[in-house]
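The structure appears right after this line, and notes come after that.
The values are calculated or read from the model by the stated rules, or taken from the named source; none is laboratory data. Just so we're clear, the structure is a prediction, and the values are computed from it rather than from any experiment. Here the Cβ positions follow ideal geometry from the backbone for every residue, glycine too, while neighbour counts run over all protein chains shown. Heavy atoms of the whole protein, side chains included, go into the accessibility calculation; ligands, DNA and RNA do not. Shrake-Rupley method; radii C 1.70, N 1.55, O 1.52, S 1.80 Å.
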Amino acid sequence: MTRIVSDLLVLSRLDNKRIAWKVETFSPAAFLDHLYDVMSVEAKNHSHEFTRKYPAVMPDITGDREKLQQVLINILSNAMKYTPDGGHIDLSAAPAAGGVAVRISDTGIGIPAEDVPRLFERFYRVEKARTSDAGGTGLGLAIVKRIIDQHDQDITVESEPGKGTSFTFTLNAAERSVKGAAQKKA
Ligand code: ATP
Ligand code: MG
């Protein structure tokens with residue numbers, strides 16, 4: 001219950017544009033290493049193989065580090081949760097046009113094509129029965145979507161039921177100022 005209330009507060013603050021923006025420039029590899037370490041505990045709990053693939057040195061990125069951390073945590077938690085124990089979760093990144101492209105893939109249950117367009121809606125969960133043991137509220141990806149929007153970026157999903165899912169998005173290059181987006185939207 002506390003989780004739901006706090007997620008709803010986060011969402012409404014993102015919607016009301018009342019959230020303070022803390023834009024920083026930082027190293028993507030150090031940022032991803034930290035998240036990898038944090039999420040390794042959860043991977044271990046599920047006996048997942050958790051791998052990371054990215055160069056140690058990539059161009060700096062810019063954005064609200066704490067909110068971007070939330071994006072990665074929400075997507076990685078889903079990957080861990082919607083993959084049967086003993087699966088494989090991968091966190092990859094590489095320099096790309098406009099910044100650093102990040103990809104999180106899993107070998108989990110996948111998402112039927114008809115559900116993909118609605119994934120980022122608040123409270124949307126695929127076939128409640130299917131994921132009832134996983135016990136979420138359907139707010140994680142709604143939060144992800146708003147944070148990515150505020151960084152003026154897109155997020156894409158590729159999924160095959162029974163095979164797995166990948167989420168891909170770009171972290172803005174330090175030269176690509178999001179100040180405009182933050183002032184316009186935040
Ligand atoms: P919450 O994140 O609020 O605890 P949740 O995980 O159910 O709850 P979202 O993170 O918004 O909510 O995800 C929405 C739905 O999308 C999930 O209920 C699940 O059905 C599906 N989903 C998300 N990520 C994956 C994934 N990696 N593999 C399979 N299904 C997924
Ligand atoms: Mg979730």
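Over the chain, with the other protein chains present, what is the accessible area per residue in square angstrom, probe 1.4 angstrom?
Per residue, the chain has 51 Å² of solvent-accessible surface.
Would you mind checking LYS44/LYS67; LYS67/LYS145; LYS44/LYS163 for any pair whose Cα atoms are more than 19 angstrom apart?
Pairs exceeding the cut-off: LYS44/LYS67; LYS44/LYS163.
Quickly estimate the mean residue ellipticity at 222 nm for the chain, helices only: each DSSP H run with n ≥ 4 gives -39500 (n - 2.57), and the total goes over all residues, rounded to 500.
-11500 deg cm²/dmol
Arrange the peptides 67-78, 105-116 so that the one whose residues have, on average, the most other Cβ atoms within 10 Å appears first.
67-78, 105-116
Can you give the Rg to Rh ratio of the chain, both from alpha-carbon atoms, with Rh computed by the Kirkwood formula?
Using only Cα positions, Rg/Rh for the chain is 0.95.
Hey, any idea what % of the chain's accessible area is carbon plus sulfur with a 1.4 Å probe?
For the chain, the apolar C and S fraction of the accessible surface comes to 53 percent.
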